[in-house]
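Here the structure is laid out as C-alpha cells; the discussion comes afterwards.
Throughout, read-outs are computed from the coordinates displayed, never taken from laboratory work. Owing to the predicted nature of the structure, the values given are computational and were not obtained by experimental measurement. Cβ placement follows ideal geometry from the backbone for every residue including glycine, while neighbour counts extend to all protein chains displayed.
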Amino acid sequence: MSLLTLFSLFWLSGYSIATEITGPTTVNGLERGSLTLRCAYGSQWETYLKWWCRGAVWSSCQILVKTTGSEQEVKRDRLSIRDDQKNHTFTVTMKDLRRDDADTYWCGIERTGTDLGVKVQVTIDPASTTASTATPTMPTSTTFTALVTLQETSSFPTLNSHHLDNRYKVLKLSVLLPLVFSILLLLLVAALLLVWRMMKRQKKGTAVPGERPLLCKPDLAADQSLPQKGHHKALLLCPG
C-alpha cells in the first residue's frame, strides 16, 4: 500500500495533521467535580464552528455542544464551550462529573468536507468517602438546633446563688418571726399568771413561796381582856 493511500485513509477517518488542531491526550476529573480542557487551532480556522464530540469512533461520535462562530459561550446541560478567537483556542468545561462520563471525546472544527478533530481521553476518579458524607445540610441543622436551645433557655431565667440566698433569708424570717412571737406571748401569759397568784395569796395572808413570812405583832388590847391566871395564848395582830 502506497504512502498516498495511507494518508488518504487517515484523512477520511478524521485524523488531522498536528498543526491544524491540537489538544490534551488525557484529562482527569473527580466525581461530582468539574474539569476544563483547552484545544488549539490554526489561525485559518478562527471563524469556523468548534464542537465537543463523544464516542470512540470518529465517524459515529455524538456532538454534545458547539460554538456559534463567535466568542460567546454556549451552554448545554452540564457542558459549556467558548471560542477564544484572538488566541486561537477553544475551551470545553464539564461540570457535575459522573462516573459514566469517562469515555473518548473529540475536540473538532466543522468545515466543508471532513471535519478536523483531535482525540481526548476523559477519566473520572471516584469521590472520597469523606467528601460524600460531608453534606452542607449537617452544619445548617446543627446551627438551627443551637439557636432553638438558646431561645428556650432564655425564656426561663435560672436562679443564681444571689437569688437562692435571698429566698433562704425570706424563708428563715417567715419561720423565726412567728416562733419568737409565740415565745414572747407565752412569757407574757406566764408573767400575768404569776402576778395574779401573788395577789391572790397576799389577800389570804399567806406568804408567797420563796419569800420571807409575814411578821405579826401582839394585840395588846385583846390580851388585857384575858384572865390573869393560867396559861393563855397570845393574840397576834397580822396585817391584812
Report task. Note the count of lysine pairs whose C-alpha atoms are less than 20 angstrom apart in the range 18-127, limited to pairs 8 or more residues apart or on different chains. Result -> 11
**Report entry** Ratio of the Cα radius of gyration of the range 18-127 to 2.2 N^0.38 Å, where N counts its residues
**Finding:** 1.01
Requested in this report: Would you mind computing, in nm to one decimal, how far apart the modelled labels at ASP84 and GLN62 are, each placed 7 Å from Cα along Cα→Cβ?
Outcome: 3.0
